[in-house]
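The values are calculated or read from the model by the stated rules, or taken from the named source; none is laboratory data. Since we're looking at a predicted model, the values are computed, not measured. So basically every Cβ, Gly included, is an ideal-geometry build from the backbone, and we count neighbours across all protein chains shown. Just so you know, the surface numbers come from the protein's heavy atoms only, side chains and all, with ligands and any DNA or RNA stripped out. Shrake-Rupley method; radii C 1.70, N 1.55, O 1.52, S 1.80 Å.
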Amino acid sequence: MSPTPSPITQQDVPQPRSISLREAFLFWLKLGFISFGGPAGQISIMHQELVERRRWISERRFLHALNYCMLLPGPEAQQLATYIGWLMHRTWGGVIAGVLFVLPSLFILIALSWVYIAFGEVPVVAGLFYGIKPAVTAIVVQAAHRIGSRALKNGWLWGIAAASFVAIFVLNMPFPLIVLGAAVIGFFGGRLAPEKFRTGGHSAAKKSFGPAVIDDDTPTPGHARFSGWKLARLAIIGAILWTLPMALLTALFGWEGTLTQMAWFFTKAALLTFGGAYAVLPYVYQGAVGHYAWLTPTQMIDGLALGETTPGPLIMVVAFVGFIGAYVLQVFGPDQAFVAGAVAATLVTWFTFLPSFLFILAGGPLVESTHNELKFTAPLTAITAAVVGVILNLACFFGYHVLWPKGFEGALDWPSLLIAMVAGVALLGFKRGVIEVLIGCGLIGLVVHLMF
């Protein structure tokens, strides 16, 4: 009788070898094409690949980095990729990881935006979008539910969410002012009633998948140690990377030029993305639709649908906004509409993501100075609660334009209502994925559109 095999211990798992920059480059490129599912899905893919399978970084160090990225404005999944790339291969490693996380979706969205604006009136394309629009409304409601169920833990936070909804829906207050107000409430509320403003976050890891290249006790590499000179140099480089293209746009098109205003607007948007892309979308539609009229409400909904079906962070919908605005306004003339759209999409992507890289490269050394759980203050808890009300307002905005396409004086679009209800049941009741819901609703919309 053969002896019972002994269980595998961590000592039995071979120590992973060091990873070359070329190998990392190929992985980040692959990730850029498969990063579907929003931030939760993207973080899950990175955890499975980097922590569990490849063991490039330990569970504890992975979650420690994620804790920091969740505190920042900007797409946390893209910032997490940048952080890990930087930790492994210095600044160029972080730049490569962050850029490749975004680049595939930029190219895909430029192509899809052109197809949309050039062939959107073709019956097949119009029918697909007829079904997708109500599904997008349901997706936004799901986002409010998902964030709300995690963030609204007591009456104080429910009150902040309700107040933010009233502020933006009834009083039409600008989104930055709502964020500032919530932060002030959180600042003082965290001192008056700290137990009401605690945030759960990601707890420290207790699970190990074996030795990792960057393990729990791996010393912080030299490039990841804090240096005042490095921080100052990075601040200067960041200022140059923002100022030079902005100055060039101003010189070529003037401050009021479309491309210049897009660059300035999306710089501000990049600093307001606390709580993910759905949090900043109300600010984007307030500016891009309401103030600048770069695109229509219907086009904004369609752009969100395209953003949901492409890899990369959802905030990449800004590339669609830039493309449609420059294409329709014919910034470079009627014969160069596509070139104008592609340039605008690239520009707004640059100005939207530049702060994300600077936050990681500047703040990473401070985060690496301790491997304890990062303490987060009450203001972001309040901001997250306010975001729930803002997203609910976005759902109302989308629902109005989808269900009453001719305004309240027109008839209710019953097929759109039924499609929205089907999408809501699929998402909230049966927990189906966003992409399959969009595909299913698009096909239903195509049938309805061609029949009627």
Restricted to segment 431-452 and to residues being part of a loop (DSSP other than H, G, I, E, B) and in contact (Cβ under 8 Å) with a residue 24 or more places away in the chain, the residue farthest from GLU121 (Cα to Cα) is GLY433
For segment 126-147, the count of residues that are open to solvent by 30 Å² or more (accessible area, probe 1.4 Å) and at pLDDT below 80 equals 1
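Residues that are of a type in the set (A, V, I, L, M), open to solvent by 50 Å² or more (accessible area, probe 1.4 Å) and under 30 Å from ILE237 (Cβ atoms): does segment 94-105 have at least one?
To start, the set of residues in segment 94-105 that are of a type in the set (A, V, I, L, M) comprises 95-97, 99-100, 102-103.
Add one more test, that the residue is open to solvent by 50 Å² or more (accessible area, probe 1.4 Å), and what stays is 99, 103.
Now drop any that are not under 30 Å from ILE237 (Cβ atoms), which leaves 99, 103.
Looking through segment 94-105, at least one residue is of a type in the set (A, V, I, L, M), open to solvent by 50 Å² or more (accessible area, probe 1.4 Å) and under 30 Å from ILE237 (Cβ atoms).
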Condition set free of Cβ contacts under 8 Å to residues at least 24 places away in the same chain and in a helix (DSSP H, G or I), scope segment 120-151, selection farthest from TYR327 (Cα to Cα): answer is SER149
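So that you can scan it fast, the table gives a plain yes or no per residue for (1) touching a His at 6+ places or on another chain (Cβ under 9 Å); (2) modelled with pLDDT of 85 or more:
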site	(1), (2)
SER149	no, no
ALA163	no, yes
GLU195	no, no
GLY210	no, no
LYS230	yes, yes
ILE19: passes all of (1) modelled with pLDDT of 85 or more; (2) of a type in the set (Val, Ile, Thr); (3) closer than 17 Å to GLY312 by Cα but (3)
Taking segment 150-177 and keeping residues under 29 Å from MET421 (Cα atoms), within 19 Å of the chain's Cα centre (by Cα) and open to solvent by less than 70 Å² (accessible area, probe 1.4 Å) leaves ALA151, PHE175
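When you scan segment 107-119, how many residues do you find that are touching a residue at least 12 places away in the same chain (Cβ under 8 Å), of a type outside the set (Ser, Thr, Tyr) and open to solvent by 10 Å² or more (accessible area, probe 1.4 Å)?
In the first step, residues of segment 107-119 are kept if they are touching a residue at least 12 places away in the same chain (Cβ under 8 Å); the result is 108-110, 112-114, 116-117.
Filter again for of a type outside the set (Ser, Thr, Tyr), leaving 108-110, 112, 114, 117.
Still in the list and also open to solvent by 10 Å² or more (accessible area, probe 1.4 Å): 108, 110, 112, 114, 117.
Qualifying residue count, segment 107-119: 5.
Taking MET246 as the residue in question, decide whether it is in a helix (DSSP H, G or I) and either among the acidic types (Asp, Glu) or closer than 20 Å to TYR116 by Cα (or both). Break it down into steps so the answer makes sense when it comes.
Working: in a helix (DSSP H, G or I): yes; either among the acidic types (Asp, Glu) or closer than 20 Å to TYR116 by Cα (or both): no.
Answer is no for this residue.
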Listed by first then second residue, the pairs whose first member lies in segment 178-203 and is farther than 17 Å from ILE168 by Cα and open to solvent by less than 90 Å² (accessible area, probe 1.4 Å), whose partner is modelled with pLDDT of 85 or more and of a type in the set (Phe, Trp, Tyr), with beta carbons under 8 Å and at least 6 positions apart or on separate chains, are GLY189/TRP156; ALA193/TRP156; LYS196/TRP156; PHE197/TRP156
